[in-house]
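For reference, the structure is listed below as structure tokens.
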Amino acid sequence: MDGESRDSTVDKARQILESSDFAGYKIIVKKTNIPEARNLCIKNMAGEMLFFLDSDVLIEPTAIEKLVKAAVKCNCHIVSANANSIVIREPQEMWRLLEDLKRDMEDSNVVRVASAAMGHTLIHREVFTKVKFDPKLNLGEDADFCINAREKGFNVCLHLGAKAL
């Protein structure tokens, strides 16, 4: 999902996806706010799980695999990677951070939480039958979504061994 960015984001995404072995993707370009964009992704999803990854988030190479395993093994309907906020002052710092993400963490603890940030989160399709993102919210839409999901009986989890920055 792209909110009509003015740089070459869509072209770069298309090039990367076309040269990968990832099948079934769809690039959607439409001016929306964040909850509207997330609901549009839900409407267009094809599989059993939807992974949200915001443009300003980096994840370790095995993060999605870890989240899928946790979703199945631990009955997590919503499972998020363990994130740390960072500030990058120089481009060289980015390479160091990418190397850090390549290191595989052995810690695979999964804990139930009240809410999860959606910038690096896997959600089972079943959740979307009862919960959508509130398009009127421009702040806190992820917390609102998780609270509504928990009230409907869904489990929200944080995977301490899946890293995101």
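The values are calculated or read from the model by the stated rules, or taken from the named source; none is laboratory data. Note that this is a predicted model, so its numbers are computed, not measured. Quick reminder, even Gly has a Cβ in these numbers, built from the backbone with ideal geometry, and neighbours come from all protein chains shown. Surface areas here come from the heavy atoms of the whole protein model, side chains and all, with no ligands, DNA or RNA. Shrake-Rupley method; radii C 1.70, N 1.55, O 1.52, S 1.80 Å.
Before moving on, here are some points about what is shown:
- All positions within segment 111-121 that are open to solvent by less than 10 Å² (accessible area, probe 1.4 Å) and part of a strand (DSSP E or B): Thr121
- Here segment 1-26 is the region considered, the condition is being open to solvent by 80 Å² or more (accessible area, probe 1.4 Å), of a type in the set (D, E, K, R) and outside any helix (DSSP H, G or I), and the residue that is modelled with the lowest pLDDT is Glu4.
- Pick from segment 37-66, criterion assigned to a helix (DSSP H, G or I) and either among the polar types (S, T, N, Q) or touching a Ser or Thr at 6+ places or on another chain (Cβ under 8 Å) (or both), ranking: surrounded by the most Cβ atoms within 10 Å (Cβ to Cβ): Lys66
- Close contacts from segment 4-26, counting a first residue that is closer than 28 Å to Glu48 by Cβ and a second that is open to solvent by less than 100 Å² (accessible area, probe 1.4 Å) and part of a helix (DSSP H, G or I), with Cβ to Cβ under 6 Å and a gap of 6+ residues or different chains, come to Tyr25/Leu17; Lys26/Asn44.
- Number of the condition not met by Thr32 [criteria: (1) part of a helix (DSSP H, G or I); (2) without any contact (Cβ under 8 Å) to a residue 60 or more places away in the chain; (3) surrounded by 14 or more Cβ atoms within 10 Å (Cβ to Cβ)]: (1)
- Meets criteria (crowded, with 20+ Cβ neighbours inside 10 Å, in a helix (DSSP H, G or I) and in contact with a strand residue (DSSP E or B) (Cβ under 6 Å, 6 or more places away or on another chain)) for Cys146: yes
- When residues of segment 122-136 are limited to those that are part of a loop (DSSP other than H, G, I, E, B) and farther than 20 Å from Leu53 by Cβ, the one most open to solvent (accessible area, probe 1.4 Å): Lys136
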